[in-house]
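Let me begin by presenting the structure, written as structure tokens, before commenting on it.
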Amino acid sequence: MRGGDRSALGLWGEQQAAQRLEQDGYRILARRFRCREGEIDLVAAKGAFLCFVEVKLRKNDRMGQAREFVTRSKQEKLRTAALRYLMEHPSGRQPRFDVVEVYAPQGEQTRRPVIRHWENAF
């Protein structure tokens, strides 16, 4: 898979995750929030929670579940980026870190990807 294809597929996976969250009652506040400290795929709000969401796209889970690829190092970067987001966008909501797994079986944009949302993942 070429870099451009991978990037397009990654954007597609983030879109699928955002749509699922919206179906589940979340409001998407930001997509691909970038700062010097890192990037947050999605920032969403629901009820008392402000969710910083890492989206992981995979073909399948043969090598492990997608959420397992959110390493400690990645978690630290997400926490730091989330602090930056909160400094720029103060919120009275409780921060939470979620992971959304998107499985595209043939590594392609499919009509029905398998999507799993893990609340408070770390």
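Summary of values
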quantity	calculated
Verdict on residue 79 being open to solvent by 50 Å² or more (accessible area, probe 1.4 Å), at pLDDT below 95 and either of a type in the set (A, V, I, L, M) or out of contact with any Phe, Trp or Tyr (no Cβ under 6 Å at 6 or more places or on another chain) (or both)	no
Test set (1) over 17 Å from the mean Cα position of the chain (by Cα); (2) without any contact (Cβ under 8 Å) to a residue 40 or more places away in the chain - residue 91 fails condition number	(2)
When residues of segment 40-70 are limited to those that are of a type in the set (Asp, Glu) and open to solvent by 50 Å² or more (accessible area, probe 1.4 Å), the one nearest to the chain's Cα centre (by Cα)	68
Residues (more than 9 Å from the chain's Cα centre (by Cα) and without any contact (Cβ under 8 Å) to a residue 60 or more places away in the chain) located in segment 9-30	10, 11, 15, 19, 22, 23, 25, 26, 27, 28, 30
Contacts under 6 angstrom Cβ, first residue in segment 50-73 being farther than 22 Å from residue 33 by Cα, partner at pLDDT below 90 and not aliphatic (A, V, I, L, M), 6 or more apart	59/107
Residue under evaluation residue 45, criteria (1) in a loop (DSSP other than H, G, I, E, B); (2) touching a residue at least 24 places away in the same chain (Cβ under 8 Å), criterion not met	(1)
Residue within segment 106-120 that is under 12 Å from the mean Cα position of the chain (by Cα), open to solvent by 50 Å² or more (accessible area, probe 1.4 Å) and of a type in the set (Phe, Trp, Tyr) present	yes
Members of segment 5-31 found to be loosely packed, with under 13 Cβ neighbours inside 10 Å and either in contact with a Lys or Arg (Cβ under 6 Å, 6 or more places away or on another chain) or assigned to a strand (DSSP E or B) (or both), listed by number	25, 27
Flag for residue 86 being farther than 23 Å from residue 12 by Cβ, of a type outside the set (Ser, Thr, Tyr) and either out of contact with any Pro (no Cβ under 9 Å at 6 or more places or on another chain) or open to solvent by less than 80 Å² (accessible area, probe 1.4 Å) (or both)	yes
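The values are calculated or read from the model by the stated rules, or taken from the named source; none is laboratory data. From a predicted model like this one, the values you see are computed outputs, not experimental measurements. Cβ coordinates were reconstructed from backbone atoms using ideal geometry, including for glycine residues, and neighbour counts include every protein chain displayed. Ligands, DNA and RNA are stripped out before the accessible areas are found, and what is left, the full protein with its side chains, is counted by its heavy atoms. Shrake-Rupley method; radii C 1.70, N 1.55, O 1.52, S 1.80 Å.
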